[in-house]
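In what follows, a structure is listed as structure tokens, so that the remarks can point back to it.
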Amino acid sequence: MQVVQDLRLPRSLAAFACGGLLALAGALMQVLLRNPLADPYVLGISGGAAVGALAAMLLGVGAGLGLEAAAFAGALAAMLLVFGLARGEGSWTQTRLLLTGVIVAAGCGAVVALMLSIAPEHKLRGMLFWLMGDAGQSDDPRPALATLALGLAAALFLARELNLLARGALLAASLGARVAGLRLALYFLASLLTAVAVTSVGSVGFVGLVVPHLVRLALGNDQRLLLPAAALAGGALLTLADTLARTVIAPQQLPVGVLTALIGVPVFLFLLARAPRAEHL
């Protein structure tokens with residue numbers, strides 16, 4: 001019982017919360033960029049968190065609050081850098097924001113590669129596991145759960161305007177949506193959700209990209225249904241993947257990001273083949 005309370009339950013709750021955060025952030029990014037292939041990492045948030053976390057590991061910071069603070073600081077710095085560069089001296093567009101995010105992500109990737117190449121042998125495995133995702137490093141799932149609840153509430157509050165924005169900025173503006181403010185709110189909300197998720201479990205790919213797309217194929221594009229369904233589905237997928245990562249070749253553990261891809265890709269291809277005419281953004 002003590003093992004469940006101290007180890008298994010916090011890890012499962014952290015995996016569920018972070019899966020929900022990534023899926024919710026992915027759904028918001030897909031509306032913001034009007035692209036069903038957008039994901040939470042497309043604007044460099046994950047790269048910034050990786051730079052912060054790996055730099056902390058190189059400096060000898062172990063798992064815990066110090067590592068999480070470094071990862072969150074890196075993610076926040078990347079978010080502000082992308083927004084500042086994309087905005088420049090005027091308003092930003094979807095294309096400019098996307099291109100800026102891609103460039104910042106590429107720069108962060110280069111810095112990560114440099115740090116891995118100079119890392120001591122005894123630190124390299126931990127750094128690689130963080131990059132591929134590891135729910136076991138999260139000691140306290142409450143911040144991620146609270147962020148998920150507040151983020152979902154904020155997203156649902158904006159759901160009506162998100163439905164309008166998904167059909168085009170001009171139509172949304174003509175129907176009374178405050179497009180500029182809505183885009184800004186979406187960017188910062190999705191970035192914050194991604195930063196908390198990456199801080200808690202590392203860079204777990206695929207969840208934020210495919211889960212919202214799968215939910216859209218199954219339920220349609222009404223954000224009032226899609227957003228909570230994506231959060232639940234993302235949490236369930238990452239919890240399942242983390243359970244398999246702990247048990248498939250126990251006592252050795254696999255990176256949870258590998259399992260999310262192995263589980264999700266066949267499901268995505270199956271649903272895509274079954275619903276080729278489903279509505280897209």
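What is the sum of charges, Lys and Arg at +1 and Asp and Glu at -1, for the other residues whose Cβ falls under 14 Å from the Cβ of Ala229? Don't skip to the answer; put the middle values down first.
Working: positive: Arg216, Arg224; negative: Asp222.
Within the 14 Å Cβ shell, the charges total +1.
With the chain treated as a Gaussian network of Cα nodes joined by springs under 10 Å, which of Ala169, Ala78, Ala14 yields the largest mean-square fluctuation?
Evaluated over the chain, the most mobile residue of the options is Ala169.
How much length, in nm to one decimal, is gained on full extension between Ala180 and Ala110, taken as 0.36 nm per residue of separation minus their Cα-Cα distance?
21.9 nm
How much net charge surrounds Leu67 when only other residues with a Cβ under 14 Å from its Cβ are counted (Lys, Arg +1; Asp, Glu -1)?
Working: positive: Lys123; negative: Glu68, Asp134, Asp139, Asp140.
Once all neighbours under 14 Å are counted, the net charge is -3.
GNM on the chain, C-alpha springs below 10 Å: top fluctuator among Thr194, Thr239, Thr247?
In this elastic network of the chain, the residue with the biggest mean-square fluctuation among Thr194, Thr239, Thr247 is Thr247.
Could you work out the helix-only [θ] at 222 nm for the chain, with each DSSP H run of four or more residues adding -39,500 (n - 2.57) and the total divided by the number of residues, to the nearest 500 deg cm²/dmol?
Details: 12 runs with 208 residues, N = 281.
The helix contribution divided over the chain gives -25000 deg cm²/dmol.
Please sort by residue number the trypsin sites (Lys or Arg not before Pro) in the range 126-186 whose DSSP state is loop and whose Cβ has at most 16 other Cβ atoms within 10 Å.
Values: sites: Arg160, Arg167, Arg178, Arg183; in loops: Arg167, Arg178.
Sparse-neighbourhood loop trypsin sites (Lys or Arg not before Pro): Arg167, Arg178.
Given charges of +1 on the Cβ of Lys and Arg and -1 on the Cβ of Asp and Glu, with all other atoms neutral, how large is the dipole of the chain about its Cα centre, in debye to the nearest 20? Walk me through the numbers on the way to the answer.
Details: 17 positive and 12 negative charges, 131 e Å.
That gives a dipole near 620 debye.
Report the extension gain between Phe270 and Ala236 in nm, rounded to one decimal, defined as 0.36 nm multiplied by the number of residues separating them, less their alpha carbon distance. Working shown, then result.
Numbers: separation 34, 0.36 × 34 = 12.24 nm, distance 1.86 nm.
Roughly 10.4 nm would be gained on extension.
Please state the shape class of the range 40-161: rounded when a/c is under 1.5, otherwise prolate if a/b exceeds b/c and oblate if not, all from the C-alpha gyration tensor. Show your work: numbers first, answer last.
Values: a/c = 2.65, a/b = 1.30, b/c = 2.04.
Verdict is oblate for the range 40-161.
Just rank Leu219, Leu76, fewest to most, by other beta-carbon atoms within 10 angstrom. Walk me through the numbers before you get to the answer.
On the way: Leu219 14, Leu76 18.
Sorted ascending by nearby Cβ count, the order is Leu219, Leu76.
Relative to the first principal axis of the alpha-carbon coordinates of the chain, what is the inclination of helix 94-118, with its axis defined by its Cα atoms, in degrees from 0 to 90 and to the nearest 10?
That helix lies at roughly 10 degrees to the long axis.
According to the square roots a ≥ b ≥ c of the eigenvalues of the Cα gyration tensor, what is the shape class of the range 166-281, taking rounded for a/c under 1.5, prolate for a/b larger than b/c otherwise, and oblate for the remainder? It would help to have the intermediate numbers written out before the result.
Values: a/c = 3.31, a/b = 1.63, b/c = 2.03.
In terms of gyration-tensor shape, oblate.
Just to verify a number: FRET efficiency for Leu262 and Leu37, C-beta to C-beta distance, R0 = 22 Å, to 0.05? Show your work: numbers first, answer last.
Numbers: r = 20 Å, r/R0 = 0.90.
It comes out at approximately 0.65.
Find out how many positive minus negative residues lie around Gly19, taking Lys and Arg as positive, Asp and Glu as negative, among other residues whose Cβ is under 14 Å from that of Gly19. Kindly include the intermediate steps, with their values, before the conclusion.
On the way: positive: Arg11; negative: Asp39, Asp134, Asp242.
That works out to -2.
So between Gln253 and Ala146, what do we pick up on full extension, going 0.36 nm a residue minus the alpha carbon distance? Walk me through the intermediate numbers first.
Values: separation 107, 0.36 × 107 = 38.52 nm, distance 2.76 nm.
Length gained, Gln253 through Ala146: 35.8 nm.
Between exposed GluC sites (Glu not before Pro) in the chain, where DSSP calls loop and at most 14 other Cβ atoms lie within 10 Å, what's the longest gap? Before the final figure, lay out each step's value.
Values: sites that count: Glu89, Glu279.
With a cap of 14 other Cβ atoms within 10 Å, the longest stretch comes to 90-278.
Read-outs: derived from the displayed coordinates by stated rules, not from any lab. Everything quoted here is computed from the prediction, not taken from an experiment. Don't worry about glycine lacking a Cβ; one is built from the backbone with ideal geometry, like all the others, and counts go over all protein chains shown.
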